[in-house]
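Visitor: Let me give you the structure first, and then I'll get to my questions.
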Amino acid sequence: MFLTNNVTLPALTVAELYRNRWQVELFFKRIKQHLRIKSFLGTSENAVKSQIWIAVSVYILVAIIKKRLGIPASLYTILQILGLTVFERMPLNQVLIAGVHNHEDDPYCNQLNLCE
């Protein structure tokens, strides 16, 4: 059942509008999850488009780096490492390879030691 205040539209048209709106919601959900956009800084159409294109560009560049350097880590892990080491003055391949190997060697690297 769909609620609307427009009683002149046929029921199928209202259902189609809801379906299209849901597709837009899913699109922005995927963008926020995969492109690391937590919130949009601008509300104009141009601002939102610019932020999406920048996020897509960064995602593609990181995917290219991952492939060229042969890094087995996920894109999410690589983005995390780059986010933490953005001001480090090291070559990119050293930062990524060191960051990936540190986490892969120790499966409990994010666990606190309570007994020491």
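The values are calculated or read from the model by the stated rules, or taken from the named source; none is laboratory data. Every value quoted in this text rests on a predicted model; they were computed, and no experiment measured them. Positions of Cβ are generated from backbone atoms using ideal geometry, with glycine treated the same way; all protein chains shown enter the neighbour counts.
Visitor: Collect the residues in region 30-61 that are under 25 Å from Ile81 (Cβ atoms) and of a type in the set (Lys, Arg), keeping them in residue-number order.
Guide: Answer for region 30-61, where residues must be under 25 Å from Ile81 (Cβ atoms) and of a type in the set (Lys, Arg): Arg30, Lys32, Arg36, Lys38.
Visitor: Can you pull out every residue in region 32-76 that is over 29 Å from Gln94 (Cβ atoms), in a loop (DSSP other than H, G, I, E, B) and over 16 Å from the mean Cα position of the chain (by Cα)?
Guide: Gly42, Thr43, Ser44
Visitor: Looking only at region 23-62, which residues are among the small types (Gly, Ala, Ser) and touching a Leu at 6+ places or on another chain (Cβ under 6 Å)?
Guide: Scanning region 23-62 gives a single hit, Ala55.
Visitor: If a residue must be exposed (fewer than 12 other Cβ atoms within 10 Å of the Cβ) and among the hydrophobic types (A, V, I, L, M, F, W, C), how many such residues does region 75-93 contain?
Guide: Going through region 75-93 one residue at a time, the tally reaches 4.
Visitor: So, one more: Could you tell me which residue of region 58-116 is modelled with the lowest pLDDT, considering only residues that are under 14 Å from Leu35 (Cα atoms) and out of contact with any helix residue (DSSP H, G or I) (no Cβ under 9 Å at 6 or more places or on another chain)?
Guide: By that ranking, first place goes to Gly83.
Visitor: Which residue pairs have Cβ atoms closer than 8 Å, lie 6 or more positions apart in sequence or on different chains, and pair a first residue in region 69-84 that is farther than 11 Å from Leu96 by Cβ with a second residue that is of a type in the set (Ser, Thr, Tyr) and part of a helix (DSSP H, G or I)?
Guide: Leu75/Tyr59
Visitor: On to the next question. Take region 77-90 and flag every residue that is of a type in the set (Gly, Ala, Ser) and within 12 Å of the chain's Cα centre (by Cα).
Guide: Residues satisfying the conditions do not exist here.
Visitor: Under the condition of being of a type in the set (S, T, N, Q) and under 24 Å from Ile78 (Cβ atoms), which residue from region 17-54 is surrounded by the most Cβ atoms within 10 Å (Cβ to Cβ)?
Guide: Among those that are of a type in the set (S, T, N, Q) and under 24 Å from Ile78 (Cβ atoms), it is Gln51.
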